[in-house]
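Undergrad: I have a structure I would like to understand better, so I am pasting it below and will then ask my questions one at a time.
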């Protein structure tokens with residue numbers, strides 16, 4: 001049984017690109033636990049459902065929750081852990097002596113849930129959080145190109161953050177769609193199976209799933 005923790009970015013991406021059925025498909029075949037933090041529920045349902053532009057996506061995600069595909073995991077311990085993660089993450093990089101806020105509540109809470117639930121993977125589409133978890137020194141290069149001021153790194157803070165997040169395996173929504181595709185999710189499209197898969201990956205990229213042009217080409221090369 002696989003256990004996945006989702007942040008807001010990944011769930012919004014699958015909802016906005018008509019890929020939400022992928023989660024139903026994978027849930028049924030893996031009998032996995034798909035988990036979110038309470039604040040992520042607020043970010044994907046409670047707040048956007050009040051805005052007409054985002055209401056449809058929120059309704060879809062609310063149904064996902066009501067159908068038991070995704071579950072909210074809550075504990076008083078998560079609040080403290082979330083705050084510690086945010087303080088560490090947002091104290092790593094400084095520009096002209098001022099700390100850069102790179103991780104927000106929902107992302108920090110998702111990392112906290114990962115540790116609390118002993119999950120197998122954290123599903124995050126947002127580039128900043130992924131880079132901070134997987135390649136913080138590459139992230140330093142990215143930030144240096146974005147800011148004109150002097151960029152400094154808190155080595156001790158980075159060490160503590162990496163120790164706290166050690167063992168986190170990160171996935172993107174695109175990788176879940178590819179996994180579902182390999183298991184036959186797009187077979188109903190018959191001769192257009194591969195086209196449907198590639199179109200779904202491209203749509204995810206447009207919806208915020210961080211994919212480079214090279215990665216997009218790799219997905220285009222997958223044969224089902």
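Values in this text are rule-based calculations from the coordinates and carry no lab data. Since this is a predicted model, take the numbers as computed values, not measurements. Methodologically, a virtual Cβ is constructed for each residue, glycine included, from the backbone with ideal geometry; neighbour enumeration extends over all protein chains shown.
Undergrad: For the chain, what's the relative contact order in percent, using C-alpha pairs closer than 8 Å and at least 6 residues apart?
TA: Answer for the chain is 26 percent.
Undergrad: What number, in percent, do you get for the relative contact order of segment 94-175 if the mean sequence gap of Cα pairs under 8 Å and at least 6 apart is divided by its residue count?
TA: Numbers: 64 pairs, mean separation 38.6, N = 82.
Relative contact order comes out at 47 percent.
Undergrad: Plugging the Kirkwood radius over Cα pairs into Stokes-Einstein for segment 11-87, at a temperature of 25 °C and a viscosity of 0.890 mPa s, what D comes out in µm²/s? Working shown, then result.
TA: Values: Rh = 13.4 Å.
For the chosen part, D equals 183 µm²/s.
Undergrad: Report the extension gain between residue 76 and residue 214 in nm, rounded to one decimal, defined as 0.36 nm multiplied by the number of residues separating them, less their alpha carbon distance.
TA: 45.5 nm
Undergrad: Considering the convex hull of the alpha carbon atoms of segment 166-224, report its projected area averaged over all viewing directions, in nm², one decimal.
TA: Over all viewing directions, segment 166-224 projects a mean Cα-hull area of 4.6 nm².
Undergrad: In degrees, nearest 10, range 0 to 90: what is the angle between the Cα axis of helix 155-164 and the longest Cα principal axis of the chain?
TA: Once rounded, one gets 40 degrees.
Undergrad: Determine, for each peptide in 103-113, 11-21, 135-145, the mean count of other beta carbons within 10 angstrom over its residues, then list the peptides with the highest first.
TA: Descending packing order for the listed peptides: 103-113, 11-21, 135-145.
Undergrad: Report the gain in length on full extension from residue 28 to residue 183: 0.36 nm times residue separation, minus Cα-Cα distance, nm rounded to one decimal.
TA: Extra length available between residue 28 and residue 183 comes to 54.6 nm.
Undergrad: Rounding to the nearest 10 and keeping the result within 0 to 90°, find how far the Cα-based axis of helix 52-66 lies from the longest principal axis of the chain.
TA: 80
Undergrad: Could I ask something else about it? Just to confirm my numbers, what's the Cα centroid distance between segment 118-174 and segment 32-64 in Å?
TA: 25
Undergrad: How far, in degrees from 0 to 90, does helix 193-206 lean away from the longest principal axis of the Cα atoms of the chain, to the nearest 10?
TA: 30
Undergrad: For the residue pair residue 145 and residue 160, what label-to-label distance in nm results when each label sits 7 Å from Cα along the Cα-to-beta-carbon direction?
TA: Simple spin-label model gives 3.1 nm for this pair.
Undergrad: Would you compute, from DSSP H runs of 4+ residues alone, the mean residue ellipticity of the chain at 222 nm, taking -39500 (n - 2.57) per run and dividing by the full residue count, rounded to the nearest 500?
TA: Details: 12 runs with 126 residues, N = 224.
Using -39500 (n - 2.57) per qualifying helix, the result is -17000 deg cm²/dmol.
Undergrad: Send over the semi-axes of segment 47-131's equivalent ellipsoid, whole angstrom and largest first, taken as the square roots of 5 times the C-alpha gyration tensor eigenvalues.
TA: One finds semi-axes of 27, 18, 12 Å for segment 47-131.
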